[in-house]
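Report on one structure; see the data block that follows.
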Amino acid sequence: MKTRIDINCDLGEGAGNDAALMPFISSCSIACGGHCGDKQSIGTAVTLAQQHGVAIGAHPSYPDSENFGRRSLMLPMQHLLESIERQLDLFFSIASDVHHVKFHGALYNDLARDQKKAEGLIDLVEKYGNSLQVYCPPQSVLLVVVQQSRLTPVVEGFADRAYTSQGALVARTHPHAVHRSVDQVVEQALSLVQNSSLTSITGEKLSLAVETLCFHGDHPRVIDFLTATHHTFKAYQIHVKSL
């Protein structure tokens, strides 16, 4: 049973609550211009995280601000690599002591099953430093590719999202893809940490061993979720700490 877990949130996405998230998280992934973000927003988020001792990561995505990076794009591989490289170049020109890279939205989901994309993007990320961690979905192609690289994989679970019976995130087009109940989020977070498991949207018990828990910073109830989760973790002596 785990007594320690990393909690991460996405920052610099215009939700307006980045500062309020700081007391509850141990790592963050900062939008770097694909789905959201620019030099100013990156700098603001980096400074805020540094002030609170929160580990800093880059959060690149498909170049699709119109759909907030939540739609798959059929880009030629070279175009995708060039876009991600621009985003990472911008981020690394501003941030120091970068801890990890976490791909965003539809790109994150696509990399879970597309080996060619995963291999190409992980080769690119390696150019920014062998000590970087990469946040990966459990049981994914991306996880396997990172395990075979010089980078360090970190298996990620979501406290506020529903899962299919195959262990994938339920598509956001489903009406119950995103949890709205505080009790539901706390129960899933605690089960992932204590039991390495959760209950799928169709009722199956899934085994998912994770090292970091994500709470979406743009969820309207994220502060309620995090406050309740912290109280529960404290009662169970689960410590929140970056990896």
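Observations on the structure shown:
- Lone unmet requirement of (1) surrounded by fewer than 18 Cβ atoms within 10 Å (Cβ to Cβ); (2) of a type in the set (A, V, I, L, M, F, W, C); (3) under 19 Å from the mean Cα position of the chain (by Cα) for ILE201: (3)
- The listed residues are GLU66, GLU119, GLU82, and the only one of them that is within 23 Å of ARG161 (Cβ to Cβ), of a type outside the set (Ser, Thr, Tyr) and more than 18 Å from the chain's Cα centre (by Cα) turns out to be GLU66.
- The C-beta contact set for the stretch 186-210 (first residue at positive phi, second residue outside any strand (DSSP E or B) and surrounded by fewer than 14 Cβ atoms within 10 Å (Cβ to Cβ), distance under 6 angstrom, 6+ apart or interchain) comprises SER196/ALA209.
Every number here is computed from the coordinates shown, using simple stated rules; none is lab data. Owing to the predicted nature of the structure, the values given are computational and were not obtained by experimental measurement. Don't worry about glycine lacking a Cβ; one is built from the backbone with ideal geometry, like all the others, and counts go over all protein chains shown.
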